[in-house]
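The values are calculated or read from the model by the stated rules, or taken from the named source; none is laboratory data. Nothing here was measured: the structure is a model prediction, and the numbers come from that model. Cβ placement follows ideal geometry from the backbone for every residue including glycine, while neighbour counts extend to all protein chains displayed.
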Amino acid sequence: MKVYDDLKIINKVGELIDQVENQIVIKSKLLNYDVLDQIWKDFVCKDINIKGKIDYYKILQFTGENESNNYLIESIFIPHIKNRTEDLILVYQQGSMEMLYYIKSFDLLNQVNHFGLPYFSIRVPVSDLFLKTAEFLKENEFIISSMP
C-alpha cells in the first residue's frame, strides 16, 4: 500500500505546487533532511499537544549554529501548521538527488491508507533538469519554498 499512497501524495503535490510563492535560501553545515524532519515533527507535535519521537539533540545543534536560520525555519513552518487550509513546503538541498515535500491535506488524509493527522512528508527523486536549474545554490545551501 505504501507505493499507492506515495502516488496519491505526489498527485496532491502536483495540485498544490502552482500555489507556491515564497522562497528562502538557508546556508548550514548542520542542516539536512533528517534534521528538518525532526524540526517539522516538533512543530506538528507542539501544535496538537502530543509527544513525538523527536531527536532534540539534532535540533539543538542546528539552532545553535545560526539564529537567523531559526527565524527563517519558523517563518515557513508556523504558517504551514497554523493555517487551516491545504499547504505545501518544498525543500531542496544543494547536491541532493531528492526533493523533500511537507504536505498538509485533509483531502489526502481521506484518500490514503493513513490514520491520524493530515500531515505528510515524502522524498522524491529529482530529475537532471531540476539539478541544472538548482546549480545556483552553493555548498551547504537549501532552498525552501512554501505557499503564501
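Structure data summary
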{"quantity": "Matching residues in the range 79-124 - criterion: being buried (at least 20 other Cβ atoms within 10 Å of the Cβ), more than 16 Å from Ile10 (Cβ to Cβ) and out of contact with any Ser or Thr (no Cβ under 9 Å at 6 or more places or on another chain)", "calculated": "Gln93"}
{"quantity": "Residue check, Leu7 at pLDDT 85 or above, out of contact with any Leu (no Cβ under 6 Å at 6 or more places or on another chain) and either in a helix (DSSP H, G or I) or of a type in the set (D, E, K, R) (or both)", "calculated": "no"}
{"quantity": "Matching option when the condition is under 16 Å from Arg123 (Cβ atoms), surrounded by 13 or more Cβ atoms within 10 Å (Cβ to Cβ) and of a type outside the set (Lys, Arg), among Ile76, Ile9", "calculated": "Ile9"}
{"quantity": "Within the range 21-57, considering residues that are among the aliphatic types (A, V, I, L, M) and assigned to a loop (DSSP other than H, G, I, E, B), the one nearest to Leu137 (Cα to Cα)", "calculated": "Leu31"}
